[in-house]
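Here's the structure we're looking at; comments come further down.
The values are calculated or read from the model by the stated rules, or taken from the named source; none is laboratory data. As the structure is a prediction and not an experimental result, all values here were calculated from the model. All Cβ positions, glycine included, derive from the backbone under ideal geometry; neighbour counts span all protein chains shown.
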Amino acid sequence: MKITIKLLLVIILLISCSNDDDGFFVSIPDKNFEKSLIELGIDTDGIINGHVLTSDVSGITELSLFVKDISDLTGIEDFVSLTSLHCGLNQLTSLDVTNNTSLESLICFDNQLTSLDVSNNTSLIRLICEGNQLTSLDVSKNTSLEGLSCGSNQLTSLDVSKNKSLEWLSCSSNLLTSLDVSNNTSLIDLDCFYNQLTSLDVTNNTSLEYLSCSGNQLTSLDVSNNTSLEGLGCTLNQLTSLDVSNNTSLTGLWCQENQLTSLDVSNNTSLTELYCYDNQLTSLDVSNNTFLGHLECESNPLTCIKVNQPQLDNIPTDWEKDWNDTYSLDCN
């Protein structure tokens, strides 16, 4: 009888504790996840036992789990106050953040994610999910998004028409055949290299400072409205012409491996780097580009490169041309 009474008291005590907020547990099945929580001082019992107190995690706002060999983030749904989650460079095959509605920053690059649902994360400002296996990504509900990096996935389409606050977008190394950024008028940095784009309209993106669209199938590119452009990379396309006369702030131009027959950089007086090799240029005048420290213009049908007197007197060591081309003050 005494043993039965003692057992009954223990059961009553356990039931009482389970009704106490401090007694609620969050299941953490991944040992490396729990180990990280212990190292961060979040799991207060300090023991890898497959769970953590709800009271330990419910008020956490930032969680950094970079390179922790984590394959399962089950339990993250109870981090209800989380505004920043960094879980890049792990082995995650899934990630459920539907309950983390306060998230402003989600960094989950270089995992093995095949899908990612951020429809509930309407406060999201920054999303970095590159280096996964995503075939689709819906960011239509993330209207506060300012930065999106989703490169090195398997995306065949990307709709950013609702993301009007977007300032930087990196969607390189995907399978995109089209990209509409006409609504993204705040865009400063656009990286869409190594896709399958046949056209790209950036005429509305007048705040653009950096554009990288190399490795596509572009036959034309209009950057006349992008007067703030400082860096332009359009390598490995099918461009036959490129007008950069309005881009007077340009410091770097990478237009090699196209089919350009002419290139006028006389207005680009701030230019420090020019890569235009492997084109069809028959003439090149860099006499106005007094700050040009790096020039690569080999593999063109050039015979003469026009320079100014100081350039001729001291040809920079980082200038490359074909051996039979000459530098001259007058190529006529």
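Can you find a residue in the stretch 64-73 that is closer than 26 Å to G215 by Cβ, surrounded by fewer than 20 Cβ atoms within 10 Å (Cβ to Cβ), more than 15 Å from the chain's Cα centre (by Cα) and at pLDDT 95 or above?
No, there is no match, as no residue in the stretch 64-73 is closer than 26 Å to G215 by Cβ, surrounded by fewer than 20 Cβ atoms within 10 Å (Cβ to Cβ), more than 15 Å from the chain's Cα centre (by Cα) and at pLDDT 95 or above.
Out of all the residues in the stretch 304-316, is one or more closer than 24 Å to Q238 by Cβ and in contact (Cβ under 8 Å) with a residue 12 or more places away in the chain?
Looking through the stretch 304-316, none of the residues is closer than 24 Å to Q238 by Cβ and in contact (Cβ under 8 Å) with a residue 12 or more places away in the chain.
Among the residues of the stretch 27-51, how many are in contact (Cβ under 8 Å) with a residue 12 or more places away in the chain, of a type in the set (A, V, I, L, M, F, W, C), out of contact with any helix residue (DSSP H, G or I) (no Cβ under 6 Å at 6 or more places or on another chain) and surrounded by 15 or more Cβ atoms within 10 Å (Cβ to Cβ)?
Qualifying residue count for the region: 2.
Have a look at V160, V202, V223 and point out the one that is in a loop (DSSP other than H, G, I, E, B), under 16 Å from the mean Cα position of the chain (by Cα) and either in contact (Cβ under 8 Å) with a residue 12 or more places away in the chain or farther than 26 Å from N267 by Cα (or both).
The match here is V160.
Go through the stretch 205-219 and give me each residue that's in contact (Cβ under 8 Å) with a residue 24 or more places away in the chain and not in a loop (DSSP other than H, G, I, E, B).
Residue satisfying the conditions is S212 alone.
Listed here are the residues, each with its yes/no results for (1) aliphatic (A, V, I, L, M); (2) surrounded by fewer than 22 Cβ atoms within 10 Å (Cβ to Cβ); (3) part of a loop (DSSP other than H, G, I, E, B).
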| residue | (1), (2), (3) |
| --- | --- |
| N132 | no, no, yes |
| D138 | no, yes, yes |
| T143 | no, yes, yes |
| G151 | no, no, yes |
| L166 | yes, no, yes |
| L169 | yes, no, no |
| S173 | no, yes, yes |
| T185 | no, yes, yes |
| Q196 | no, yes, yes |
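Please pick out the residue among N216, N174, N153 that is more than 15 Å from the chain's Cα centre (by Cα) and not aliphatic (A, V, I, L, M).
Just a single option satisfies the conditions, and that option is N216.
Listed residues N121, N90, N111; which is part of a loop (DSSP other than H, G, I, E, B), over 20 Å from D191 (Cα atoms) and either under 16 Å from the mean Cα position of the chain (by Cα) or free of Cβ contacts under 8 Å to residues at least 12 places away in the same chain (or both)?
On inspection, the qualifying residue turns out to be N111.
Which residues, counting only those in the stretch 254-286, are in contact with a strand residue (DSSP E or B) (Cβ under 8 Å, 6 or more places away or on another chain), without any contact (Cβ under 8 Å) to a residue 40 or more places away in the chain and either crowded, with 20+ Cβ neighbours inside 10 Å or within 15 Å of G233 (Cβ to Cβ) (or both)?
C255, L263, V265, N268, L271, T272, E273, L274, C276, L284, V286
Does S94 fit the bill of being in contact with a helix residue (DSSP H, G or I) (Cβ under 8 Å, 6 or more places away or on another chain), among the small types (G, A, S) and at negative phi?
no
Could you tell me whether D180 is in a loop (DSSP other than H, G, I, E, B) and more than 18 Å from the chain's Cα centre (by Cα)?
no
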